[in-house]
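What follows is one structure encoded as structure tokens, with my remarks underneath.
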There are 2 protein chains.
Amino acid sequence: MKTKVLYIEDEPFLGRIVSETLQQQGFDLRLVADGAMVMKTLRSFHPDICVLDIMLPNVDGYTLCREIRAQNPGLPVIFLTARSETSDLVKGFEAGGTDYIKKPFSMEELIVRINNQLLLLSSLKKPLPDKDQQLGRYRLSVSRYELISPTTTHKLSAREMEILLLLTSGNNRVIERRDLLLQVWGDDSFFNSRTLDVYVRKLRSLFAEDPDIELVTLKGKGYLFLVKST
Amino acid sequence: MKTKVLYIEDEPFLGRIVSETLQQQGFDLRLVADGAMVMKTLRSFHPDICVLDIMLPNVDGYTLCREIRAQNPGLPVIFLTARSETSDLVKGFEAGGTDYIKKPFSMEELIVRINNQLLLLSSLKKPLPDKDQQLGRYRLSVSRYELISPTTTHKLSAREMEILLLLTSGNNRVIERRDLLLQVWGDDSFFNSRTLDVYVRKLRSLFAEDPDIELVTLKGKGYLFLVKST
DNA sequence: GCCAATAAAGGTTAATTAAGGTTAATGCTG
DNA sequence: CAGCATTAACCTTAATTAACCTTTATTGGC
């Protein structure tokens, strides 16, 4: 699937040039000129990265960046700006930006930096563990596809294991439902299927005997695998 | 423990200036001027990040970067260089660099970019700390989505938590209604919806049993989450 | 300056819609 | 046909909308 870039730029000429170049490079690009539309687009478009002009009418870029990061902490945001003073750059990073490019910039630099951010991010996404791990009173043996509770041992299927690992990989962070569906089935058409819910139910029933483990639903967002430590 | 920076620079004057500034900033800095020493230092010093000049005698920076990354794939490498052509920047990223700063640069920029790289790296690694907060007689467990009163525990939905956090984030400061709407729904079209009011009502009823907590309406402005401390 | 009349902002409650949960039945694929 | 994966049908609850009510501002005539 194409990498989705959300590009926020109010200046029409620059906006068009950059958009077209990035599209030629194979990015799935969405250009937004109005700051007020950004948060809405974020929810519907689900970009992999944001490129953000600082000087926008109405909203300023720093505030916008803060809002984006609050909503979606893992999303890289590259500032693209005419302001070349160091103080602006500092403000950009303070607002949660993950990179900062000064105008005039070459398209090549933008492309390289976008790819770099994506690479940094993907390398951080740790591969799913293949070792055993402790979950509350349970022990999960990844290699043997078993969930071992104090009283019984339960065999897991490949799908069950995959979903459980994704849920636990977040370290008490919310795993978006959408991400789960994409990672496990990699398909939009699954988005109205109830299959995932069936697995969630299975997992919940498996962990039922440990009150310290909870798989919380966050409606409209995703799931949170909670291990309540004492 | 201090953050360890391995700084590779052959030019003595620049090397000293930068080293001293970074040390003042609280970094544990190791300056290496000879490319041949880098890999050895890497093994003994175990830096958290590398800052690397491209133009070195004997070895070139790109090759060195490749070797560093091969040895230690998770280690961020910032290029610091006089070469300002895009082709050099591209080569830098291709060699595995994670950021690229052109000379002349301000020390502030270097510091910010170092911190940014470290932040990017650490952001997904650590589990989020349990950011609980005390609100009057209630305890709010953010990670568990619970509001714990002396008598009961109430589960909060994702929206309820989001709004409550925004309201309490201001430390007895006014949160503007339009900011709330923008942050939570990010859309102008919501500005005449009554949804927010419904949530405000829910929150008020949740805190009803504590007379020291008040969610004040400031008509035309916003809300004020008041905790009357003793 | 006082005080209705009116508008605007926000509150309340119930109904609606959409996201997700539950079970059981059906489809696959080795 | 055995065992997992998926779909279907129906249920539950969170999120939103709608309809109507209350309170606070604003304004224009006296």
Out of the residues in the stretch B:65-77 that are open to solvent by 20 Å² or more (accessible area, probe 1.4 Å) and more than 11 Å from chain A (Cβ to nearest Cβ), which is nearest to B:V38 (Cα to Cα)? B:E67
A:L215 versus (1) more than 25 Å from A:P47 (Cα to Cα); (2) out of contact with any helix residue (DSSP H, G or I) (no Cβ under 7 Å at 6 or more places or on another chain): which is the lone unmet condition? (2)
Among the residues listed as A:L80, A:L6, A:L118, the single one being over 18 Å from the mean Cα position of the chain (by Cα) and either of a type in the set (G, A, S) or more than 9 Å from chain B (Cβ to nearest Cβ) (or both): A:L80
Within the stretch B:133-150, restricting attention to residues that are open to solvent by less than 60 Å² (accessible area, probe 1.4 Å) and touching a residue at least 40 places away in the same chain (Cβ under 8 Å), which residue is nearest to A:G222 (Cα to Cα)? B:L147
Of the residues in the stretch B:153-210 that are open to solvent by 50 Å² or more (accessible area, probe 1.4 Å) and among the hydrophobic types (A, V, I, L, M, F, W, C), the one that is nearest to DNA strand D (Cβ to nearest atom) is B:V198
Name every residue in the stretch A:209-222 that is more than 9 Å from DNA strand C (Cβ to nearest atom) and either assigned to a strand (DSSP E or B) or under 22 Å from B:S141 (Cα atoms) (or both), in order of residue number. A:D210, A:P211, A:D212, A:I213, A:E214
Any idea how many residues of the stretch A:146-162 are more than 16 Å from DNA strand C (Cβ to nearest atom), in a loop (DSSP other than H, G, I, E, B) and either among the small types (G, A, S) or farther than 12 Å from A:K202 by Cα (or both)? 4
Name the residue that is farthest from DNA strand C (Cβ to nearest atom), counting only residues in the stretch B:182-199 that are touching a helix residue (DSSP H, G or I) at 6+ places or on another chain (Cβ under 8 Å) and at pLDDT 90 or above. B:Y199
What are the pairs, 6+ residues apart or on separate chains, where a residue within the stretch A:191-210 that is in the same structural domain as A:L180 (by TED's automatic domain parsing) has its Cβ under 8 Å from a residue that is aromatic (F, W, Y) and more than 10 Å from DNA strand C (Cβ to nearest atom)? A:T195/A:W185; A:L196/A:F190; A:F207/A:Y138; A:D210/A:Y138
Of all residues making up the stretch A:163-181, the number that are away from DNA strand C (no atom under 15 Å from the Cβ) and within 14 Å of chain B (Cβ to nearest Cβ): 6
Restricting attention to the stretch B:145-165, report how many residues are within 22 Å of the chain's Cα centre (by Cα) and among the charged types (D, E, K, R). 1
Select the strands (runs of 3 or more DSSP E) contained entirely in the stretch A:1-120, then report the ones holding at least 1 residues which are under 23 Å from B:E85 (Cα atoms). A:49-53, A:77-81, A:99-102
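The values are calculated or read from the model by the stated rules, or taken from the named source; none is laboratory data. It should be emphasised that the depicted structure is a prediction, and the values quoted were computed from it without experimental measurement. Note that we place each Cβ from the backbone using ideal geometry, even for glycine, and neighbour counts take in every protein chain shown. Heavy atoms of the whole protein, side chains included, go into the accessibility calculation; ligands, DNA and RNA do not. Shrake-Rupley method; radii C 1.70, N 1.55, O 1.52, S 1.80 Å.
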